[in-house]
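Remarks on the structure that follows.
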Amino acid sequence: MTIEARLPLAPLCEWIRRVDDHAEARIALLRRAAAALAGECVVRESDRAELADKMERWRYQHLNARSGQMVAQDSRLLDALDLAAAELAGRTARPPRRTRELLRDESLVTARIAEASEMLDESYPLDDLIEQATALTVERFGDPGSGRLPGLDRRMLLYAPLYLSNHCINHCVYCSFRHPQPIERTHLSFDQGKAEADILIGRGFRHILLLGGDFPRLTTPEYYAEMIAYLGKQGVAAAVEIAPQSTAGYAKLVEAGACGVTLYQETYDERRYAEFHPRGSKASYDWRFEGLDRAAEAGMGRLGLGFLLGLADPVKELQAMMRHAAYLQLRYPDRTIAFSLPRIHDAPGGFRPPCLVGDDLFIRMYCVLRMAFPEAQLVLSTREGATLRNRLATICITQMSAGSSTAPGGYESCQCRPSGEQFPVIDQRSVADVVAWLKDHAFRLTWEIQSR
Ligand code: SF4
């Protein structure tokens with residue numbers, strides 16, 4: 001649906017002049033887009049893509065600028081920009097994004113989610129919940145009949161994080177990479193990143209998660225795309241956990257071979273979000289919240305959701321994340337959904353998370369995710385200790401990292417100076433030790449991403 005079909009330009013332009021400091025540039029952009037969409041002039045594909053990108057960015061600038069004072073025209077303009085950008089970029093027609101509304105949309109709370117949410121209440125016996133979550137995981141991810149330990153023989157995907165850069169312009173209060181935290185900053189060159197990747201490949205990994213801070217001059221989509229393409233040639237599936245990208249940016253990563261994206265909302269509580277992300281591009285709640293929408297639209301096959309445990313009420317956060325996942329599943333039913341529950345244990349500058357989560361609630365939350373989303377990948381990093389990781393592995397986890405470093409150059413392939421890590425690795429076991437434990441407990445290890 002074109003801009004003109006949704007919205008007559010003349011009255012819209014009058015309204016833009018009243019509310020937008022850059023009104024004339026905006027209106028000129030709208031007119032160019034409207035003409036291109038109406039076929040009134042010949043527009044090269046690259047120009048259409050550029051127009052689409054500009055309209056997408058304007059939409060987020062408008063969301064930020066008008067936050068808290070939206071009127072009907074805002075919604076109409078936002079939808080028009082959303083749809084026009086998609087149409088200009090030649091993407092498949094779809095309804096407008098409704099990410100913000102999902103937090104209030106009761107229709108997203110399926111019977112499964114509702115039933116699982118009741119198990120979040122601590123009056124629901126944890127042992128019963130663990131038993132059900134374990135049985136469901138074995139049913140969906142198991143290999144019945146072949147196990148030495150009945151009920152435990154199932155697949156576990158091992159992956160490794162590869163930090164490429166710890167430069168960052170953002171001020172996230174809980175993160176060691178935040179600006180201007182005085183840590184050693186390292187940005188790996190392609191050759192340095194490749195050397196780190198080769199070490200991980202040598203250890204057996206065939207799924208690598210690329211990570212980096214948000215530093216637009218250095219950590220560009222092209223920078224990650226080069227590494228993704230290299231990994232693809234080595235038979236490694238690469239996913240990214242990087243700053244949110246534009247739809248076009250994600251498309252470059254997909255084109256290079258990226259299999260998925262992990263993007264934690266950190267907190268769905270908008271007030272808390274503003275408190276913990278005071279400056280930098282990450283201060284834009286909507287840009288981050290819609291990141292998975294943009295990634296999915298660009299063709300990412302795996303969508304990884306999460307929030308940072310410790311920042312806000314964990315039960316409300318989990319419920320918001322489940323709605324978010326249900327929303328994405330409705331719009332992109334062919335994608336794999338993955339969940340992670342990263343928990344803050346240590347933070348720089350004396351930051352104290354206001355809502356600490358104990359082990360029992362942590363386990364309960366993972367079990368609830370399994371009950372609500374039986375097919376989802378549940379991911380657990382080395383932020384947690386070996387004992388708890390082992391326990392959760394036998395319950396519901398289907399993907400875990402091992403032998404991780406959270407610092408660029410941390411696998412010590414290159415002669416760069418030691419740089420700061422993002423968070424301490426609690427499970428310090430080597431890859432071999434984790435593999436041995438899993439094998440002893442009748443897990444069938446997979447190193448490559450498989451379709452379910
Ligand atoms: S959480 Fe991410 S964006 Fe925030 S400071 Fe750390 S690396 Fe940067």
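The values are calculated or read from the model by the stated rules, or taken from the named source; none is laboratory data. Worth saying up front: this structure is predicted, and the values here are computed from it rather than measured. Here the Cβ is made from the backbone with ideal geometry for all residues, glycine too, and neighbour counts use every protein chain on show. Calculation scope for accessible area: heavy atoms of the full protein, side chains included, ligands and nucleic acids excluded. Shrake-Rupley method; radii C 1.70, N 1.55, O 1.52, S 1.80 Å.
The table below gives the values:
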| read-out | value |
| --- | --- |
| Pair list, Cβ < 7 Å and 6+ apart or interchain, from the range 204-227 residues that are open to solvent by 30 Å² or more (accessible area, probe 1.4 Å) to residues that are more than 15 Å from the ligand (Cβ to nearest atom) | R206/G235; R206/V236; R206/A237; R206/W447; R206/E448; E222/K252; E226/F190 |
| E266 being within 16 Å of the ligand (Cβ to nearest atom), touching a residue at least 60 places away in the same chain (Cβ under 8 Å) and of a type in the set (D, E) | yes |
| Search result, residues across the range 102-113 that are assigned to a helix (DSSP H, G or I) and surrounded by 13 or more Cβ atoms within 10 Å (Cβ to Cβ) | L102, L103, L108, R112, I113 |
| Unmet requirement for G142, which otherwise passes all of (1) in the same structural domain as H277 (by TED's automatic domain parsing); (2) open to solvent by 70 Å² or more (accessible area, probe 1.4 Å) | (2) |
| Qualifying positions in the range 436-452 - in contact with a strand residue (DSSP E or B) (Cβ under 9 Å, 6 or more places away or on another chain) and open to solvent by 20 Å² or more (accessible area, probe 1.4 Å) | W437, K439, R444, L445, W447, E448, I449, Q450, S451, R452 |
| Every residue from the range 203-217 that is in contact with a helix residue (DSSP H, G or I) (Cβ under 7 Å, 6 or more places away or on another chain) and either hydroxyl-bearing (S, T, Y) or within 10 Å of the ligand (Cβ to nearest atom) (or both) | D214 |
| Filter result for the condition that a residue is open to solvent by 60 Å² or more (accessible area, probe 1.4 Å) and of a type outside the set (V, I, T), over M70, M119 | M70 |
| Verdict on L158 being away from the ligand (no atom under 16 Å from the Cβ), more than 19 Å from S413 (Cβ to Cβ) and in contact with a His (Cβ under 8 Å, 6 or more places away or on another chain) | yes |
| Qualifying residue in the range 190-202 (condition: within 16 Å of the ligand (Cβ to nearest atom) and buried (at least 19 other Cβ atoms within 10 Å of the Cβ)) | no |
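Let's see how each residue does on (1) in contact with a Pro (Cβ under 6 Å, 6 or more places away or on another chain); (2) over 29 Å from L445 (Cβ atoms); (3) part of a helix (DSSP H, G or I):
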position: E87; (1), (2), (3): no, yes, yes
position: G90; (1), (2), (3): no, yes, no
position: D121; (1), (2), (3): no, yes, no
position: A133; (1), (2), (3): no, no, yes
position: T137; (1), (2), (3): no, no, yes
position: E184; (1), (2), (3): no, yes, no
